[in-house]
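Notes to accompany the following structure.
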Amino acid sequence: MDRLLKMFAVVADSNGTEGNDTEGNGTTSTARIHDHILGSGIQLNDFRLRTTMERLQALGESPISFEAFAELVGAELLMLNRIFNRELVIPDWQEFCSDIESVFERVAEDCSGQNADYIPILRDADPDKWGVAVCSVDGQRIEIGDVDVYHSIQSVSKPLTYAYALEREGPDYLQEYVGVEPSGRPFNSLELLPDLRPFNPCVNAGAIMTAGVVASSWPDQDARGITEEIMKLWSDLCGAVAPVQFSEETMLSEKATADNNYAIAYLLRGGKGLPRGVDLNKMLDLYLSCCSIEMTASMLAVAAATLANGGVCPITSQQVLSTDVVKKTLSVMQAAGMYDNAGVFTLEVGLPAKSGVAGAVLTVVPNLMGFATFSPRLDSYGNSVRGVAFCRELVELFTFHIYDSLSGGRTGCKRDPRASQHNRKQRDLSDLRWAVSHGDRYAIKVRDLLLDCMIAITLADGEIDEPEIVTMAETYTEIMGHQPQQGELHAMAQNLQNLIEAEGNSAPFEQLLHRLATEQARLDDNGRELILEAAFRVACADGIIEPEEDEQLRGIARALGINEGVLELEIARFQRHQAAQRSVSAS
């Protein structure tokens, strides 16, 4: 009963006070329950909440007592408990969404690159389209921008056709015809491995041969019929959130400009030979048909999340692909998914991904989420400029790179969305206070450095502002658990100001940056985050970050080895907060 009361307290309105009814005497409403579910990132039409949603619809706008609430949630109690108690894989979902929106807006400013132009439908696509969709392994979803625009998936089809072949034929037979080595060559190269196999399934030669393996296993089915089977796979991967479509226009255009692909097909037949002697034209038709499948970024994100979830679709719980097939597919994507820029992408982003020349990039963060971007402008490798930029920025901000776990607690202060930032911060503060009280040298060092940084920011504009002294005292109190004397803080700031006047404007601050840089290797992410946060809060004391304060904050972040993107996130959060306050004041 206590756990049900805790759940009810989250959504209850007891005497006008939200989330404070621990006795179960208040009521809640359908609207409140809907808001909390949506706030967690879960859609109201999620199959795991079907019974609850039907019962809520029947209740309409009637007040819901604790007893009615207990009966309401009983059929889907475990899922609702995770939602209301913020136990989904990304607990601070709203904050995470705000961060994604900030990255989306920054990347939108990049208008470099140009559309693929070898067929009219790609050449004439709107180059300004820009969309990002995210789906976690728990089915939490966010969609921003042009996520419902259907476009041909092109080479994004390749790893999943490979997965289909693995599932149908097994790895041993497929390995006889298709390698898994990075090629380091353009995607449409005619070069092969020494044994005359294609390098991997993500280059055209490998994808054509993979299509040959699949086509040879359906001797009585034509290419279009087999494509429909693969479209069913895509539909299952994306949880059937929208219909998977086929573009006849794309298919005909691809076939009319397929001379190089025909050359590859003949080369394969004349070298290794085609599987089971499959008809060359049928093989090519299947390959081009898979490239002509149309989906949206919203659909591709769920498909990516299914791969991140070991082949189980998060929004249907269907085991679409075996975990072993998914592991092999992701490995191929990691090694060769981004054309002949795959090595640089792996180095900088460290995630399995696949791009297509229509502008899609499908990316997988194993055990956490999948995301898809759509923007038609391509770089010289054939990858979406904005899609790649979004991936890079995301990995600069979050612990998504495959090797971030090797950082030893020094990731550049990246965020881990798997953990509640609020709970982690409270734990860190408790540890710091306890350690300082017992004379721990490391904790005292962190305390002293954050105090020095706050004072430096106070004097960024050359003056001692009393509101900043007050904010500094409040920040110190929140972090250290006891209140300092404001007079002492003012005296410390005055001493630094006198030093600045004696030695020159930048000398003391440059000395501070040198200290921070020297200590950086001995500070973990938690300590560095606290130091930067303390300085940041003082800079925001008057409701605006002055240019001098901004410059000093960036200097502190650089000296501490904190990724610049992390500071940008904090600035964006502050600006959103200020905008919200202005909106409330105006209303």
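The values are calculated or read from the model by the stated rules, or taken from the named source; none is laboratory data. Because the structure is a prediction, the values reported are computed rather than measured. Cβ placement follows ideal geometry from the backbone for every residue including glycine, while neighbour counts extend to all protein chains displayed. Quick note on the areas: whole protein, heavy atoms, side chains included, nothing else; ligands and nucleic acids left out. Shrake-Rupley method; radii C 1.70, N 1.55, O 1.52, S 1.80 Å.
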Any residue in the range 509-522 that is in contact (Cβ under 8 Å) with a residue 40 or more places away in the chain, closer than 25 Å to GLN578 by Cβ, part of a helix (DSSP H, G or I) and not hydroxyl-bearing (Ser, Thr, Tyr)?
-> no
Considering residues that are under 21 Å from VAL134 (Cα atoms), out of contact with any helix residue (DSSP H, G or I) (no Cβ under 9 Å at 6 or more places or on another chain) and of a type in the set (Asp, Glu), the number found within the range 27-86 is 0
Across the range 81-120, what is the total count of residues that are assigned to a helix (DSSP H, G or I) and small (Gly, Ala, Ser)?
-> 3
Among (1) surrounded by fewer than 16 Cβ atoms within 10 Å (Cβ to Cβ); (2) of a type in the set (Gly, Ala, Ser); (3) on the phi < 0 side of the Ramachandran plot; (4) out of contact with any strand residue (DSSP E or B) (no Cβ under 9 Å at 6 or more places or on another chain), which single condition is GLY273 missing?
-> (3)
With the condition kept exactly as written, say whether any residue in the range 341-356 is open to solvent by 10 Å² or more (accessible area, probe 1.4 Å), at pLDDT 95 or above, under 18 Å from CYS291 (Cα atoms) and hydrophobic (A, V, I, L, M, F, W, C).
-> no
Out of the range 478-499, which residues are open to solvent by less than 70 Å² (accessible area, probe 1.4 Å) and not in a helix (DSSP H, G or I)?
-> GLY481, PRO484
What pairs can you find where one residue is in the range 468-495 and in contact (Cβ under 8 Å) with a residue 24 or more places away in the chain and under 11 Å from MET454 (Cα atoms), the other is basic (Lys, Arg) and in a helix (DSSP H, G or I), and their Cβ atoms are less than 9 Å apart, with a gap of 6+ or different chains?
-> THR471/ARG537; MET472/ARG537; THR475/ARG537; TYR476/ARG447
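For (1) among the hydroxyl-bearing types (Ser, Thr, Tyr); (2) closer than 16 Å to ALA360 by Cα, each residue gets a yes or a no:
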position: PHE96; (1), (2): no, no
position: PHE104; (1), (2): no, yes
position: GLN114; (1), (2): no, yes
position: TYR118; (1), (2): yes, no
position: VAL149; (1), (2): no, yes
position: ALA163; (1), (2): no, no
position: LEU166; (1), (2): no, no
position: ASP172; (1), (2): no, no
position: GLY179; (1), (2): no, no
For the range 85-93, indicate whether the set of residues that are polar (S, T, N, Q), crowded, with 16+ Cβ neighbours inside 10 Å and touching a residue at least 24 places away in the same chain (Cβ under 8 Å) is non-empty.
-> no
Restricting attention to the range 121-133, does a residue exist that is of a type in the set (A, V, I, L, M), at pLDDT 95 or above, within 24 Å of LEU267 (Cα to Cα) and assigned to a helix (DSSP H, G or I)?
-> no
Residue list for the range 521-544, filter: at pLDDT 85 or above and closer than 19 Å to LYS445 by Cβ | LEU523, GLY527, ARG528, GLU529, LEU530, ILE531, LEU532, GLU533, ALA534, ALA535
Would you please list the contacts, defined by Cβ atoms under 8 Å and residues six or more apart or on different chains, that run from a residue in the range 377-388 that is surrounded by fewer than 24 Cβ atoms within 10 Å (Cβ to Cβ) to a residue that is part of a loop (DSSP other than H, G, I, E, B) and charged (D, E, K, R)?
-> VAL385/ASP110; VAL385/ARG377; VAL385/ASP379
Could you pull out the residue among ASP285, ASP279, ASP259 that is free of Cβ contacts under 8 Å to residues at least 24 places away in the same chain and of a type in the set (D, E, K, R)?
-> ASP259
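The rows are residues; the columns are (1) of a type outside the set (S, T, N, Q); (2) under 21 Å from CYS291 (Cα atoms).
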residue	(1), (2)
ARG168	yes, yes
PRO171	yes, no
ASN188	no, yes
CYS202	yes, yes
ALA207	yes, yes
SER217	no, yes
Number of the condition not met by GLY60 [criteria: (1) within 29 Å of the chain's Cα centre (by Cα); (2) at positive phi] | (1)
Can you spot a residue in the range 568-580 that is within 15 Å of LEU450 (Cα to Cα) and surrounded by 19 or more Cβ atoms within 10 Å (Cβ to Cβ)?
-> no
Residues (among the acidic types (Asp, Glu) and either over 44 Å from the mean Cα position of the chain (by Cα) or at pLDDT below 75 (or both)) located in the range 478-520 = GLU488, GLU501, GLU503
Filtering the range 180-191 for residues that are within 30 Å of the chain's Cα centre (by Cα) and either open to solvent by less than 30 Å² (accessible area, probe 1.4 Å) or modelled with pLDDT of 95 or more (or both) leaves a count of 1
Output for the range 534-587, where each listed residue is within 17 Å of ARG415 (Cβ to Cβ) and part of a loop (DSSP other than H, G, I, E, B) = GLY561, ILE562, ASN563
Cβ-Cβ under 7 Å pairs, at least 6 apart or on other chains, the range 98-116 side buried (at least 16 other Cβ atoms within 10 Å of the Cβ), far side assigned to a loop (DSSP other than H, G, I, E, B) | ALA108/TRP130; GLY113/ARG377; GLY113/ASP379; ASN115/ALA125; ASN115/PRO127; ASN115/PRO376; ASN115/ARG377; ALA116/VAL357
Could you please let me know if GLY412 is open to solvent by less than 50 Å² (accessible area, probe 1.4 Å), within 30 Å of THR475 (Cα to Cα) and either free of Cβ contacts under 8 Å to residues at least 12 places away in the same chain or over 16 Å from the mean Cα position of the chain (by Cα) (or both)?
-> yes
Those residues of the range 437-459 which are part of a loop (DSSP other than H, G, I, E, B) and buried (at least 22 other Cβ atoms within 10 Å of the Cβ) amount to LEU459
